[in-house]
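The values are calculated or read from the model by the stated rules, or taken from the named source; none is laboratory data. Quantities reported herein were computed from a predicted structural model and do not represent experimental measurements. Heads up, the Cβs are rebuilt from the backbone with ideal geometry, glycines too, and the neighbour counts pull from every protein chain shown. The accessibility values were calculated without ligands, DNA or RNA, using every heavy atom of the protein model including side chains. Shrake-Rupley method; radii C 1.70, N 1.55, O 1.52, S 1.80 Å.
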Amino acid sequence: MDQRGRATIELEHAFGAHNYNPLRIVADEGEGIFIWDTEGKCYIDLAGAYSAESHGYCHPRIVEAATQQLRKLGTTGRNIYTSPLGAFLKRACELTGQDRALPMNTGAEANETALKVARKWGYTVKGIPGDAEIIACEGNFHGRTIALVGLSSHEPYRCGFGPFPPGLVIIPYGDASALDRAITENTVAFLVEPIQGEGGIIIPPSGYLRECAAICKFHNVLFIADEVQTGLGRTGKLLACDHEGVKPDGLSLGKALGGGPLAVSLFLAKKEVMDVLTPGDHGSTFGGNPLAAAVGLEALNVMMDEHFIENSAVLGKYFLELLRGLKSPIIRDVRGRGLFIGVEICEEINARTICEELLKYGIIGNGVHEHVIRFSPPLIITRKWIDESFRRIARAFSRWSEWK
Ligand SMILES: *Cc1c(COP(=O)(O)O)cnc(C)c1O
């Protein structure tokens, strides 16, 4: 690494909080699926910012939409109307089949919104007799706020951050009967990832989402899908819920919704649910600002115009098959849907070690928890670059016995 790269890392380490442990590469420029470091070395980014970079770095249409909007009007408050917002919300509702959308910035905020709306819906529409309960699943990741880590079962996310709000219930993931048993007269919502991303690319049994949605409907409980990571083509459908024909009562989107450079999120819901909100009871200074709305709208349009969904389905299947053909003694499982793939390795080797090895071959991967490597490349990737990525991954894995 060159002097500039080392100095950058030292500076960040000296003045930044140490809540991340990044791979030792300093990204300086990006275009499409590629990242260049301070020395000009090129990498293929198969991590894609945990799915936030579906459009690829510096997508020309995203850059254009952002610059045009920046020249016209940046952030104003929601105390006045701004021109790009309505069109953005309409497009998002039409694509997802929801009635209303509430703009926030981060995925965590979209999920906080979901919890607030669900609770208020419980008190004002469902008419629950006691304090609202919300059910989520073991292994989930919904964000980092106090309430959302209160829903988590992963000790590092929770440890030292309590006490957490009451009314949060955790059940095993992938077991619909556990949901049925956990529902009480005070249950207002079931919040679930259709595929657990941070949990290690965990795909529930087929039919799970459909069964859970039916159970929720039967008990008049909101089925809320957290598709912050799985949404917008990542799994080869617009929404991962579409694989089972499930239409959620509420839906969180984020990550790729910002087209790469911005934090743009939405909580979407049916009218009967969203209309429990009235002026003054929820909001965000930056949520739905003109820049975010213009970029969010363009992100959705680019996703449709450039066939991200189909590309993810076709190349995801192809990449998955290639990776499954990697007959390495250290690989325990290869799973995924669309360009959302997890390679689980044996317990003796840490995912971090593999990501460091992959880096030597010009591949950026991402370790989730201890033993899964996540590949969620930009959805603009082509077959040629899947082939090249695979060749490099295969070469790296063939030398596992030399890893320390
Ligand atoms: C990343 C993620 C979030 C949190 O999004 P932030 O923008 O980091 O707040 C929430 N839910 C899921 C499923 C995610 O993958």
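Among residues of the range 160-170 being within 16 Å of the ligand (Cβ to nearest atom) and aliphatic (A, V, I, L, M), the one that is nearest to Ala182 (Cα to Cα) is Ile170. If you go through the range 73-120 and keep only what is small (Gly, Ala, Ser) and either away from the ligand (no atom under 16 Å from the Cβ) or open to solvent by 30 Å² or more (accessible area, probe 1.4 Å) (or both), you end up with Gly74, Gly77, Ser83, Gly86, Ala87, Ala92, Gly97, Ala101.
For (1) open to solvent by 50 Å² or more (accessible area, probe 1.4 Å); (2) not in a strand (DSSP E or B), each residue gets a yes or a no:
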{"site": "Gly162", "(1), (2)": "no, yes"}
{"site": "Gly174", "(1), (2)": "no, yes"}
{"site": "Phe190", "(1), (2)": "no, no"}
{"site": "Gly199", "(1), (2)": "no, yes"}
{"site": "Pro205", "(1), (2)": "yes, yes"}
{"site": "Glu211", "(1), (2)": "yes, yes"}
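Elements of the type strands (runs of 3 or more DSSP E) sitting completely within the range 30-126 and holding at least 2 residues that are of a type in the set (A, V, I, L, M): these cover 100-104.
Checked against the criterion of being free of Cβ contacts under 8 Å to residues at least 40 places away in the same chain and closer than 11 Å to Phe397 by Cβ, the range 361-373 has at least one qualifying residue. Restricting attention to the range 45-68, the residues being away from the ligand (no atom under 16 Å from the Cβ) and either among the hydroxyl-bearing types (Ser, Thr, Tyr) or surrounded by fewer than 22 Cβ atoms within 10 Å (Cβ to Cβ) (or both) number 9. In the range 216-235 there is at least one residue that is within 16 Å of Leu251 (Cα to Cα), free of Cβ contacts under 8 Å to residues at least 40 places away in the same chain and open to solvent by 50 Å² or more (accessible area, probe 1.4 Å).
For Leu257, indicate whether it is within 13 Å of the ligand (Cβ to nearest atom), in a helix (DSSP H, G or I) and buried (at least 24 other Cβ atoms within 10 Å of the Cβ). Considered against the rule, which asks whether it is within 13 Å of the ligand (Cβ to nearest atom), in a helix (DSSP H, G or I) and buried (at least 24 other Cβ atoms within 10 Å of the Cβ), Leu257 comes out as yes. The number of residues in the range 122-159 being closer than 13 Å to Ile171 by Cα and either more than 16 Å from the ligand (Cβ to nearest atom) or buried (at least 19 other Cβ atoms within 10 Å of the Cβ) (or both) comes to 9.
Just so you know, in the range 176-188 the residues that are of a type outside the set (S, T, N, Q) and open to solvent by 50 Å² or more (accessible area, probe 1.4 Å) include one that is farthest from the ligand (Cβ to nearest atom), and it is Glu185. Counting only residues that are among the hydroxyl-bearing types (Ser, Thr, Tyr) and surrounded by fewer than 15 Cβ atoms within 10 Å (Cβ to Cβ), the range 1-44 holds 1 of them. Out of all the residues in the range 382-404, which are surrounded by 14 or more Cβ atoms within 10 Å (Cβ to Cβ) and either without any contact (Cβ under 8 Å) to a residue 12 or more places away in the chain or assigned to a loop (DSSP other than H, G, I, E, B) (or both)? Across the range 382-404, the qualifying residue is only Trp403.
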